[in-house]
Amino acid sequence: MISLAAGWNNKIGRLPAWPDTLLTQSPLGLQLIGMPTPRPLTLVNVVWKNLYRQPLRSCFTILGVSLGVVAIVTFTSLIQGVRDTIQSGLHLGGADLAIYQAGVAADILSSLDEDETRTKLLADPDVRHVAAGLGHVMPVGNQRITVVMGVEPDGFTHHLIEANGPPIRALDEASLGVMAARSFKKKVGDTINIGGRELRIVSVFNTGTIVYDAGITVHLKTLQEMLGREGRASAFFVDLRDGADVDAVAARLEAAIPEIVAIGSADEYHKVDNGLEVAQSAAWGVTLASVLIGSLIVLNTMWMTVLERTREIGVLRAVGWSRRRVLAATLLESLIVGAAALVVGALLGVGLAQFISVAPVASQFVKPTYSASTFGVAAAAVILLSVMGGALPAMRAARITPSEALRYE
Amino acid sequence: MNNATPATAAVQARGLVKRYENGRIAALDGVDLDIASGEFTAICGPSGCGKSTLLNMISAIDRPDSGALRVCGEDLAQMTSHQSDSFRRNVIGLVFQLHNLIPQFTATENVQIPLIGGEIPGPQRVMRAMELLRRVGLGDRLGARPPTLSGGERQRVAICRALVNRPRVLLADEPTGALDSRSGDALFDLLDELRKETGMTLIVVTHDPRVAARAQRTLHMLDGRISA
Ligand SMILES: Nc1ncnc2c1ncn2[C@@H]1O[C@H](COP(=O)(O)OP(=O)(O)O)[C@@H](O)[C@H]1O
Ligand SMILES: [Mg+2]
């Protein structure tokens with residue numbers, strides 16, 4: 001106590017210290033020995049208690065703001081999942097590059113001459129192996145949409161794919177992805193009807209890439225014939241010599257063969273399919289809208305709160321709280337609302353993404369990827385909207401003068 | 001213990017003027033005032049005569065339009081708003097007619113509110129608050145929330161909140177306005193005792209004529225002036 005009083009006096013310069021007797025003389029002084037001392041009150045306590053005053057209102061505000069977080073988390077994790085699927089799909093079986101027809105808007109529309117393109121690709125000194133594929137989406141069994149991939153029986157990609165049997169060799173053979181096998185309830189030795197033909201299942205494979213694992217591979221010639229697209233391929237997987245510069249080869253191939261695009265990563269997938277880009281811009285739109293709506297919700301609630309507490313804020317100012325402290329307390333309240341909305345929204349968002357990813361058709365194409373960056377984007381959005389929504393009420397609060405606030409009793 | 005020369009005058013005002021409503025209302029119309037350090041002064045007068053306005057000037061809550069005002073040696077007319085905040089935080093204690101406690105906080109927490117963000121470490125804030133509450137006879141209500149306290153008890157908590165910064169001047173604006181006369185008397189006894197113990201200057205605005213008897217000096221205000 002003495003040192004405290006002395007420090008206080010030094011700072012102010014000319015104030016007499018209070019007699020310490022006042023603070024030590026206490027008839028009930030002994031009563032508290034052994035009782036836990038209450039925790040000191042902090043700014044965070046004050047802000048926290050404020051949120052509890054209108055618990056329902058706080059909950060509704062948090063829920064309202066969390067919808068934006070839900071949108072961000074759900075969209076971003078699904079899009080990221082699609083990206084990851086594309087990324088791993090491009091490198092199926094250890095391929096370095098995937099080749100598609102240039103100038104198409106969706107990968108499924110890509111169509112190249114099988115032999116001619118293969119010959120041109122193999123002309124490059126760094127290209128070691130080329131495997132042609134023909135992708136198609138069609139109804140199989142009771143599943144309206146199934147990816148069916150025509151593959152070359154001796155394509156290099158087979159060697160690196162985990163399977164419980166041999167890859168297809170004959171025209172009447174099929175190999176199922178693990179998810180397809182599960183959903184069709186088929187195993188090796190069974191037959192499956194694809195496009196009116198009974199094919200024998202020779203193996204079940206597991207690539208780890210959802211679109212393939214939910215799909216079926218058949219002999220390239222079988223699918224070409226079934227679709228009336230003899231001699232055509234939609235994609236080529238290219239294996240390069242060790243040490244080759246993937247980007248340089250891609251550029252060289254595109255220059256030498258104008259009708260193709262060479263894709264090494266998901267970032268370049270827009271060359272053959274802009275679905276991901278469309279989804280990504282939609283996600284950004286939703287993110288932006290949810291930040292704006294969220295900040296309006298915060299603005300509305302905090303503005304009401306500040307008006308209701310005008311008198312109290314006046315008292316705080318009168319007992320020595322600075323404008324800056326009032327501003328900080330109000331902004332902190334918005335930020336806590338935002339933080340709570342982040343937690344609630346992240347949980348709901350993950351729940352929704354999981355729910356979508358087990359839905360009938362979606363489960364064959366998307367599996368959400370939750371990355372730190374998804375939650376980073378959500379957190380940044382929440383901070384932004386809290387500050388945007390909280391700024392005006394906080395400035396209003398800081399402008400409250402004690403003399404006026406104390407006048408309305 | 002303290003080698004600073006104590007200023008003899010706690011409040012020195014010359015020709016204080018404060019107008020409202022674009023000058024149509026002169027809440028203070030030329031107030032001259034000297035209050036000595038450690039004195040107990042009562043300010044009486046009819047409603048609307050400018051008592052609260054005068055306290056607002058002394059506590060640096062508001063600023064005079066003209067005139068000179070020094071409180072504890074500080075020239076209030078020259079202060080920036082940042083300096084007034086710190087002046088209120090360090091030199092002034094305020095008790096209002098209504099306790100204005102925050103209902104969700106315990107007595108101990110309410111008393112600590114002015115110290116939030118200050119230099120005094122947390123555990124010491126709690127100790128100060130508890131010691132003050134025990135001093136005003138609320139040692140057994142430390143954890144009670146305002147709604148569970150009586151009117152007199154709430155005002156005592158409010159007094160502790162005003163004292164937690166160890167102010168040199170305690171200003172009370174009709175502090176017993178909402179109390180019955182017995183609790184009111186007890187509150188004035190307490191304020192006067194605390195003044196004697198701490199040496200602080202006590203200025204109380206009141207309608208209660210009995211307070212005048214207790215005070216060392218009584219000022220009467222009328223129409224923005226001190227009449228006696
Ligand atoms: N902030 C203000 N705005 C306008 N008029 C005010 C304000 N504060 C005080 N007044 C007026 O100034 C006069 C003195 O008020 P006040 O000091 O509150 O009187 P008292 O406390 O003696 O009842 C009254 O006429 C009141 O209406
Ligand atoms: Mg008044």
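A compact table of results
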quantity: P(r) histogram, all alpha-carbon pairs of region B:7-154 included - 5 Å bins from 0, percent; calculated: 2, 8, 15, 17, 16, 15, 13, 10, 5, 1, 0
quantity: Inter-chain shielding of B:114-124 (mean C-beta neighbours from other protein chains, 10 Å cut-off); calculated: 5
quantity: Furthest towards positive pole of dipole, B:ILE226, B:LEU94, B:LEU163, structure part chain B, Cβ charges; calculated: B:LEU163
quantity: Region A:95-264 - Kirkwood radius from inverse mean 1/r over Cα pairs (Å); calculated: 16.4
quantity: MRE, 222 nm, helices only [DSSP H, n ≥ 4, -39500 (n - 2.57), over chain B, to nearest 500]; calculated: -10000 deg cm²/dmol
quantity: Within region A:146-296: Cβ-based charge dipole about Cα centre, in debye rounded to nearest 20 (Lys, Arg +1; Asp, Glu -1); calculated: 640
quantity: Listed residues A:LEU220, A:ALA180, A:ALA251: farthest to the positive end of the dipole of region A:95-264 (Cβ charges); calculated: A:ALA180
quantity: Simple Cβ-charge dipole of chain A, Lys/Arg +1 and Asp/Glu -1, about Cα centre, in debye nearest 20; calculated: 2960
quantity: Cα centroid of region B:76-101 to Cα centroid of region A:279-299, whole Å; calculated: 43
quantity: With all protein chains modelled, accessible area of A:GLU277 [1.4 Å, Å²]; calculated: 90
quantity: Taking all pairs of distinct alpha-carbon atoms in the protein assembly as shown, Kirkwood radius in angstrom; calculated: 30.7
quantity: B:ASP185 accessible area, assembled protein chains, probe 1.4 Å, Å²; calculated: 40
quantity: Span from the region A:115-154 Cα centroid across to the region A:174-221 one, whole angstrom; calculated: 16
quantity: Modelled label reach - A:ASP113, point 7 Å along Cα→Cβ, region A:203-231 residues with backbone N closer than 17 Å; calculated: A:229-231
quantity: Sequence of A:HIS91, A:HIS270 when ordered by accessible area, the most exposed leading, probe 1.4 angstrom; calculated: A:HIS270, A:HIS91
quantity: Cα-projected label distance for B:HIS207 with A:LYS221, points at 7 Å along beta-carbon direction, nm; calculated: 10.9
quantity: Out-of-range pairs (alpha-carbon distance over 30 Å; input A:LYS187/A:LYS271; A:LYS185/A:LYS271; A:LYS186/A:LYS221; A:LYS49/B:LYS51; A:LYS49/B:LYS18; A:LYS120/A:LYS186); calculated: A:LYS187/A:LYS271; A:LYS185/A:LYS271; A:LYS49/B:LYS51; A:LYS49/B:LYS18; A:LYS120/A:LYS186
quantity: Computed accessible area, A:CYS59, all protein chains, 1.4 angstrom probe, square angstrom; calculated: 70
quantity: Point-to-point label distance, B:HIS220-A:ARG241, nm (Cα→Cβ direction, 7 Å offset); calculated: 11.4
quantity: Options A:HIS129, A:PRO40, A:SER334, ranked by Cα towards positive dipole end of chain A, top entry (Cβ charges); calculated: A:PRO40
quantity: By accessible area with a 1.4 Å probe, ligands and nucleic acids excluded, highest first: order of A:TRP284, A:TRP48, A:TRP303, A:TRP321; calculated: A:TRP284, A:TRP48, A:TRP303, A:TRP321
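The values are calculated or read from the model by the stated rules, or taken from the named source; none is laboratory data. Everything numeric in this text was worked out from a predicted model, so none of it was measured. Every residue, glycine as well, gets a Cβ built from its backbone with ideal geometry; the counts of neighbours run over all protein chains shown. Accessible surface is based on the protein model in full, side chains and every heavy atom, while ligands, DNA and RNA are left aside. Shrake-Rupley method; radii C 1.70, N 1.55, O 1.52, S 1.80 Å.
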